[in-house]
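Enquirer: Structure below; questions to follow.
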Amino acid sequence: MVATAATSAFYPISSLSSSSDPKIKNTKIGGRTGNLGGFKSKSVSSGSLQVKTNAQAPSKVNGSSTGFKAGDDFISSHPRTFINQLPDWSMLLAAITTIFLAAEKQWMMLDWKPRRPDMLIDSFGLGRIVQDGFVYTQNFSIRSYEIGADRTASIETLMNHLQETALNHVKTVGLLGDGFGCTPEMCKKNLIWVVTKMLIMVDRYPTWGDTVQIDTWVSASGKNGMRRDWLVYDCKTGDNLTRASSTWVMMNKQTRKLSKIPEEVRREIEPNFMNTAPVIEDVGRRLSKIDDDTADYVRMGLTPKWSDLDVNQHVNNVKYIGWILESAPPPILESHELSSITLEYRRECGRDSVLQSLTAATGTDSATSSAAGVVDYNHLLRFDDGTEVVRGRTQWRPKFGNKFTILDHISADHGI
């Protein structure tokens, strides 16, 4: 059947059937006459060249009858049908399937939006949602330009990572509108988030080449506030490096006044709240006010650069820490490292602002603090007219407390 179909695809049936001749003729080969075992030939003229061809089934094979008589047309007994005239569709089907699967894979890569809360990822694959959709986790590698003279990440680097995970969290759960961390309903009502308080405790600073994991989540804070917490881990050892907790409220972008949380916004954000205690317990200790008379160190003429502004046209929260450290005593910067910081934001700072940074020792060195070498300072950022912008308190520990740990960590990683 297959041979017949293949033959019929190249030779017309009529030409083959017409080759049957009841009279069996001999074929001359090399001047001799011979019978090719039942395959008879018929002379076909083609100019000066003559070729005799004919195919005929033998009537007997090994003395037994085959059922075909000499002169019967073997091909004509197997006529062409619709089935054996169809082309081979398998190759075309395989090509179509391959194209379809490739297109589906590309579409799945473009359509990154999650289908299940426990498998949420951001658009660039940088982080994911875990713990029933409440906690956002993301890894960061400490770059060479993010470390300071001590070969450890700076406090500004850590703050930038915290801010990045907060925004990626909002974006991943689908609540990022046109604003900087604003939900769609907040954008409609010209509302933005502003931080009012920030607490950070650093157990150990990561070094160059370390990879850290940052987990963040949000909770309710009173009736019109939100609390965001962070935990920073060393991916290699699993040690907790940093804890941070912050309080946020809403402000009208046009009037620059604080606002209550509208019900439409509350319905957007409350499903993402966790009912957990803060990672740093705020004991409610009031930050002391300092002035020119009580300040030990003063730095004046601080102005923001264009790169210090965020999309809401006020100074980025991280910049305030740098300004506070501008008035920290140089001997402390050389011999100690920042172990904790508390910031209370009171005013926003714009592009044309001119600030002063004031620092004063607390004068409450206890016997334990003195023995451990821990030093506390109060800080104040204010405008030239005396209006307060940020109050702060810092605690410093001697660098030698973690010096050998850091050196051992670097030596182990670099084979020193």
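The values are calculated or read from the model by the stated rules, or taken from the named source; none is laboratory data. Treat the numbers as computed from the prediction; the structure is a model and nothing was measured. All Cβ positions, glycine included, derive from the backbone under ideal geometry; neighbour counts span all protein chains shown. Keep in mind that these areas ignore ligands, DNA and RNA; they rest on the heavy atoms of the full protein, side chains included. Shrake-Rupley method; radii C 1.70, N 1.55, O 1.52, S 1.80 Å.
So that you can scan it fast, the table gives a plain yes or no per residue for (1) outside the structural domain of Leu338 (by the TED database); (2) among the charged types (D, E, K, R); (3) outside any strand (DSSP E or B); (4) buried (at least 21 other Cβ atoms within 10 Å of the Cβ):
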| residue | (1), (2), (3), (4) |
| --- | --- |
| Ile129 | yes, no, no, yes |
| Glu156 | yes, yes, yes, no |
| Cys182 | yes, no, yes, yes |
| Val194 | yes, no, no, no |
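Enquirer: Still on this structure, I have one more. If you go through segment 209-220, how many residues are open to solvent by less than 20 Å² (accessible area, probe 1.4 Å) and not charged (D, E, K, R)?
Expert: Matching residues across segment 209-220 total 5.
Enquirer: Shifting gears a bit: Using the structure shown, decide if Met250 is touching a strand residue (DSSP E or B) at 6+ places or on another chain (Cβ under 6 Å) and in the same structural domain as Gln395 (by the TED database). Outline the logic, then answer.
Expert: Working: touching a strand residue (DSSP E or B) at 6+ places or on another chain (Cβ under 6 Å): yes; in the same structural domain as Gln395 (by the TED database): no.
So Met250 fails the test.
Enquirer: All but one of (1) touching a Lys or Arg at 6+ places or on another chain (Cβ under 7 Å); (2) assigned by the TED database to the domain that holds Val390; (3) modelled with pLDDT of 90 or more hold for Leu309, so report the exception by its number.
Expert: (3)
Enquirer: Six or more apart or on different chains, Cβ under 6 Å: which pairs go from a residue in segment 291-309 that's farther than 13 Å from Cys349 by Cα to one that's acidic (Asp, Glu)? Could you list them?
Expert: Arg299/Glu326
Enquirer: Of the residues that sit in segment 221-232 and are touching a Lys or Arg at 6+ places or on another chain (Cβ under 9 Å) and modelled with pLDDT of 95 or more, which one is most open to solvent (accessible area, probe 1.4 Å)? Full working, then the answer.
Expert: To start, the set of residues in segment 221-232 that are touching a Lys or Arg at 6+ places or on another chain (Cβ under 9 Å) comprises 221, 223-224, 229-232.
Adding the requirement that they be modelled with pLDDT of 95 or more leaves 229-232.
Working: Asp229: 1, Trp230: 6, Leu231: 30, Val232: 5 Å².
It comes out as Leu231.
Enquirer: Let me ask something else about it. Output the residues belonging to segment 204-243 that are in contact (Cβ under 8 Å) with a residue 60 or more places away in the chain and in a loop (DSSP other than H, G, I, E, B).
Expert: Of all residues in segment 204-243, those in contact (Cβ under 8 Å) with a residue 60 or more places away in the chain come to 204-217, 228, 230, 232, 235, 242.
Selection gives Arg204, Tyr205, Pro206, Trp208, Gly209, Asp210, Cys235.
Enquirer: I would also like to ask the following. Are any of the residues in segment 395-402 modelled with pLDDT under 50, open to solvent by less than 40 Å² (accessible area, probe 1.4 Å) and touching a Gly at 6+ places or on another chain (Cβ under 9 Å)?
Expert: no
Enquirer: Right, here's the next one. Among (1) among the charged types (D, E, K, R); (2) surrounded by 14 or more Cβ atoms within 10 Å (Cβ to Cβ); (3) under 30 Å from Ile129 (Cβ atoms), which single condition is Arg299 missing?
Expert: (3)
Enquirer: Can you name the residue in segment 248-257 that is free of Cβ contacts under 8 Å to residues at least 60 places away in the same chain and open to solvent by 40 Å² or more (accessible area, probe 1.4 Å) and is also nearest to Val202 (Cα to Cα) among such residues? Explain how you work it out, then say what you get.
Expert: To start, the set of residues in segment 248-257 that are free of Cβ contacts under 8 Å to residues at least 60 places away in the same chain comprises 248-249, 255, 257.
Those left that are additionally open to solvent by 40 Å² or more (accessible area, probe 1.4 Å): 248, 255, 257.
Details: Trp248: 21, Thr255: 37, Lys257: 33 Å.
Within segment 248-257, the match that is nearest to Val202 (Cα to Cα) is Trp248.
Enquirer: Name the residues in segment 166-180 that are farther than 16 Å from Asp310 by Cβ and either at pLDDT 90 or above or outside the structural domain of Arg228 (by the TED database) (or both), would you? It would help to see each step written out before you state the result.
Expert: Step one: filter segment 166-180 for residues farther than 16 Å from Asp310 by Cβ, giving 169, 172-175.
Answer for segment 166-180, where residues must be farther than 16 Å from Asp310 by Cβ and either at pLDDT 90 or above or outside the structural domain of Arg228 (by the TED database) (or both): just His169.
So that you can scan it fast, the table gives a plain yes or no per residue for (1) part of a strand (DSSP E or B); (2) open to solvent by less than 20 Å² (accessible area, probe 1.4 Å):
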residue	(1), (2)
Glu281	no, no
Asp293	no, no
Ile321	no, yes
Ala328	no, yes
Ser339	yes, yes
Gln356	yes, yes
Arg382	yes, no
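Enquirer: In addition: I'd like the residue in segment 261-274 that is more than 27 Å from the chain's Cα centre (by Cα) and assigned to a loop (DSSP other than H, G, I, E, B) and, out of all such residues, is surrounded by the most Cβ atoms within 10 Å (Cβ to Cβ).
Expert: Ile261
Enquirer: Right, something else. So, of the residues in segment 135-154 that are open to solvent by 30 Å² or more (accessible area, probe 1.4 Å) and aliphatic (A, V, I, L, M), which turns out to be nearest to Cys187 (Cα to Cα)?
Expert: Result: Ile147.
Enquirer: Find all pairs meeting these conditions: Cβ atoms under 7 angstrom apart; at least six residues apart or on different chains; first residue within segment 151-178 and touching a residue at least 12 places away in the same chain (Cβ under 8 Å); second residue basic (Lys, Arg).
Expert: Taking only residues 6 or more apart or on different chains, the pairs are Ala166/Arg228.
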